[in-house]
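Everything on this sheet refers to the single structure shown next.
The values are calculated or read from the model by the stated rules, or taken from the named source; none is laboratory data. In this text, all values refer to a predicted model and were calculated from it rather than measured experimentally. Every residue, glycine as well, gets a Cβ built from its backbone with ideal geometry; the counts of neighbours run over all protein chains shown. Just the protein is used for accessible areas: all its heavy atoms, side chains included, with ligands, DNA and RNA removed. Shrake-Rupley method; radii C 1.70, N 1.55, O 1.52, S 1.80 Å.
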Amino acid sequence: MEMKQHISSDEGILLRGSGPDILIRDGLICGIGENLRPEGDVHIIDTGGCLVSYSFADIHVHFREPGFSYKETIASGSRAAAAGGYTTVCAMPNLDPVPDTPEHLAVEQNIIERDAIIRVLPYASITLGRKGVTLTDFAALKGSVAAFSDDGSGVQSGQIMLRAMEAAAREDVIIAAHCEDNSLLRGGYIHDGEYCRARGHRGICSESEWGQIARDLQLCEKTGCRYHVCHISTAESVALIREAKMRGVRVSCETAPHYLCLCDEDLQESGGFKMNPPIRSRSDRDALIEGLRDGTIDAIATDHAPHSAEEKAGGLKDSAMGIVGLETAFPVLYTSLVLTGKLSLNCLVNALCDSPRRIFRLGGSLAVGQKADICVIDLRKEYTIDSRDFLSKGRSTPFDGWKVRGKVRLTLKDGVVVYRDNSVMI
């Protein structure tokens, strides 16, 4: 796929390949059809053999700024996102200051406005300082954030969560819950399974996740709020959410690529395999895949969580929790699930693009009149993941060295090329 280094602002773009042509002008999709014959200047990009999709949306990333820019910045994180085919991401509030007031939120928003090359939507916290005690003012923040979350900390008090859901219902905003019962953690740091017990590690039981989901689903059913469960990892979580959806509860959920493509049989004594929640058992992984297929699981989010090399150098026991994922999500999922017949390509694209946009009301679709946020992926391209090539400041991933197919070749944001063939264009 060849294209000019720069495309002038008054020049249109025509994506032409094996499917319908897509014509882009003035930042919008202005034509979709066979053999389009546009008038005026237009740059033709050959997309033959490629997947042309509306760009992906990640509703769960950590860009670490303000407060922890040594791990990641808005600039580096947004460039990594563009390289992965994403033009919209929702950034979690594990920051300093925590975005729990308009004044604190403004610190993050100013950096986003200055440095982001894609759309970065911040989360606000559910409680002040993410301490689980005093609710933030949802009404004061709702117009400026994607949703409300205390991610990284489960809301331990059922009474506080009830009040949060009542406020969320009044304001028609999403509670995005990190479900984790601290009383059940017992110092664990990987899944409480065979690998853990055979090697003398301390385990995190599955109930620490699904027990709090069960509590929250009852509260959600009572209040009628929009409730989203972050990074589910257990079979029990899938079953609870499936049953709740059948009862009409307003619940949605996400999982992450590492829970769909790995299990604890794949663990290595490396910080690249340590995240929260942990990689679970083979049966948990299979239940997640089935949940994705049947629509119980709505979205795939990366939980992109970069740390410094030093923070990830302590193996499974002493490394910080979290891995990066924006630049590996599509190829890992496409190779592991689609090419093996476990998941259809349409289902994968829905979970990466359409469903998260719908649930979080982010807008956008591959249709005339929509913003030209598009990614082009060469499905034939085989390559080896090398974390040294990442645009993210984080390098820790369990997928380093994997041979995969599906390379992002081009990402457009509002009709502007922000990423092309291993290079950021802005």
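Taken over region 276-335, the residue count meeting the criterion of being under 16 Å from the mean Cα position of the chain (by Cα), in a loop (DSSP other than H, G, I, E, B) and crowded, with 23+ Cβ neighbours inside 10 Å is 15.
Within region 182-202, the set of residues being surrounded by fewer than 21 Cβ atoms within 10 Å (Cβ to Cβ), under 26 Å from the mean Cα position of the chain (by Cα) and either in a strand (DSSP E or B) or hydroxyl-bearing (Ser, Thr, Tyr) (or both) comprises 189 only.
State yes or no: is residue 347 farther than 24 Å from residue 305 by Cβ and either of a type in the set (D, E, K, R) or modelled with pLDDT of 95 or more (or both)? The answer is yes for residue 347.
Annotation note: of 101, 87, the sole residue that is among the hydroxyl-bearing types (Ser, Thr, Tyr) and over 20 Å from the mean Cα position of the chain (by Cα) is 101. Checking each residue in region 8-50 for being of a type in the set (S, T, N, Q) and either under 22 Å from residue 85 (Cβ atoms) or in a strand (DSSP E or B) (or both) picks out 18, 47. One residue alone among 148, 138 is surrounded by 24 or more Cβ atoms within 10 Å (Cβ to Cβ) and among the aromatic types (Phe, Trp, Tyr), and that residue is 148. Test residue 356 against the criterion of being assigned to a helix (DSSP H, G or I) and not charged (D, E, K, R), and give yes or no. Here the answer is yes, as residue 356 does meet what is asked.
Here is a yes/no grid of residues against (1) in contact (Cβ under 8 Å) with a residue 60 or more places away in the chain; (2) in contact with a Cys (Cβ under 9 Å, 6 or more places away or on another chain):
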| position | (1), (2) |
| --- | --- |
| 104 | no, no |
| 114 | no, no |
| 132 | no, no |
| 135 | no, no |
| 178 | no, yes |
| 190 | yes, yes |
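Of the residues making up region 215-235, those that are assigned to a helix (DSSP H, G or I) and either surrounded by fewer than 18 Cβ atoms within 10 Å (Cβ to Cβ) or among the basic types (Lys, Arg) (or both) are 215, 218, 221, 222. Which residue is farthest from the chain's Cα centre (by Cα), if the candidates are limited to region 236-248 and must be part of a helix (DSSP H, G or I) and of a type in the set (D, E, K, R)? For region 236-248, the residue satisfying everything is 243. Highlighted here are the helices (runs of 4 or more DSSP H) found entirely within region 57-176 that include at least 2 residues which are of a type in the set (Lys, Arg): 158-171. Within region 359-389, the residues that satisfy the criterion of being farther than 30 Å from residue 146 by Cα, part of a strand (DSSP E or B) and open to solvent by 20 Å² or more (accessible area, probe 1.4 Å) are 379, 380, 381, 382, 383, 384.
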